[in-house]
Amino acid sequence: MNVQIENSWKEVLQGEFDKPYFERLVAFLHAEKAAGKVIYPPGGRIFKAFELTPFEAVKVVILGQDPYHNPGQAMGLSFSVPDGVPAPPSLKNIFKEIENDLGVRMSGRPNLEPWARQGVLMLNAVLTVQAGIAASHGRIGWQEFTDAVIRSLSERRDGLVFLLWGNFARSKRALIDTSRHFVLEAAHPSPLAGGAFFGCRHFSKTNEILLREGKTPIEWKL
C-alpha cells in the first residue's frame, strides 16, 4: 500500500502496511468518509507526528490515547492543538507542571510542533476519531499499528525516554525494553486525575537523562 508517511518511518513500518489488519483499517476509513462521517484529524495530518519527528531523530516519546474529537483540535500530535485554539485542560496542566518543574513562564501556545522538531514523538495510540465521539476508532486496528511503532523504537534505537501518563499509557510499558530505554510514569495530566500529575518533574528528569546520554536536552518552553 502507498501510505503517505515520512520516508524513514515508511522503511521501518512497511511490513505493517502490507498486513491484512492495516488494509481493513484503511478500507474502514474510506467507507466512513464515503458515508459522510467527519473524521479527525484531517487526512493530511494523520501521520503528522511521524512527519515532524523522523525515526532516527526520536529522543523522547509522549504517548497519548486518541485524538481530540471536537472541531479544529486534532492535529496529529498527542495533547497538541493548533495555534489559535484554546489549550484543552490536560495541556494546561502539562504547562503548569513545566512551569513548576523548570521555573519558566509558558506562553500558553498550544501547538507543540517545536517539541516534535526537537525529537519528541507525540504519538497517540489511536490515530483517528469520528467527530464528536471519543474513542470511536479505538478498535479498528490503530493500536496494532502503534504498538508496532513502539516495538520498533524499542528494538532499533537505544536510550530513548518514554513518558507514560495514566493507566492506558502505562499499559504500553510491556512493549518497551527497559534495559535499553528509560520509562517515566505518572498520573494522567487530566483534571480528572485530581492533580496527581503535578510534581512528577518529568520534563527536568527527561533532560537530565538526555544529557547523561550525550544528547541535546529538549527546550520545553514555548
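Of the numbered conditions (1) closer than 28 Å to Lys19 by Cβ; (2) open to solvent by less than 20 Å² (accessible area, probe 1.4 Å); (3) part of a loop (DSSP other than H, G, I, E, B), Gly159 fails exactly one; give the number of that condition.
Tallying (1) closer than 28 Å to Lys19 by Cβ; (2) open to solvent by less than 20 Å² (accessible area, probe 1.4 Å); (3) part of a loop (DSSP other than H, G, I, E, B), Gly159 fails exactly one: (1).
Each row is one residue, and each column tells you yes or no for (1) in a loop (DSSP other than H, G, I, E, B); (2) aromatic (Phe, Trp, Tyr); (3) in contact with a Phe, Trp or Tyr (Cβ under 6 Å, 6 or more places away or on another chain).
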{"site": "Glu16", "(1), (2), (3)": "no, no, yes"}
{"site": "Val61", "(1), (2), (3)": "no, no, yes"}
{"site": "Phe79", "(1), (2), (3)": "yes, yes, no"}
{"site": "Gly84", "(1), (2), (3)": "yes, no, no"}
{"site": "Met106", "(1), (2), (3)": "yes, no, yes"}
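The conditions are (1) assigned to a helix (DSSP H, G or I); (2) over 19 Å from the mean Cα position of the chain (by Cα), and Val12 fails exactly one of them. Which is it?
In the conditions (1) assigned to a helix (DSSP H, G or I); (2) over 19 Å from the mean Cα position of the chain (by Cα), Val12 misses (2) alone.
List, please: which pairs have Cβ atoms under 7 Å, are six or more places apart or on different chains, and start with a residue in the stretch 206-221 that is free of Cβ contacts under 8 Å to residues at least 40 places away in the same chain and end with one that is part of a loop (DSSP other than H, G, I, E, B) and surrounded by 14 or more Cβ atoms within 10 Å (Cβ to Cβ)?
If the second residue must be part of a loop (DSSP other than H, G, I, E, B) and surrounded by 14 or more Cβ atoms within 10 Å (Cβ to Cβ), the pairs left are Asn207/Pro217; Asn207/Ile218; Leu211/Pro217.
Of the residues that sit in the stretch 1-41 and are in contact with a Ser or Thr (Cβ under 8 Å, 6 or more places away or on another chain) and of a type in the set (A, V, I, L, M, F, W, C), which one is nearest to Glu155 (Cα to Cα)?
Val12
Looking only at the stretch 18-56, count how many residues are assigned to a helix (DSSP H, G or I), aliphatic (A, V, I, L, M) and surrounded by 14 or more Cβ atoms within 10 Å (Cβ to Cβ).
5
The values are calculated or read from the model by the stated rules, or taken from the named source; none is laboratory data. Owing to the predicted nature of the structure, the values given are computational and were not obtained by experimental measurement. Neighbour counts are summed over all protein chains in view; Cβ atoms, including those assigned to glycine, are modelled from backbone coordinates with ideal geometry. Just the protein is used for accessible areas: all its heavy atoms, side chains included, with ligands, DNA and RNA removed. Shrake-Rupley method; radii C 1.70, N 1.55, O 1.52, S 1.80 Å.
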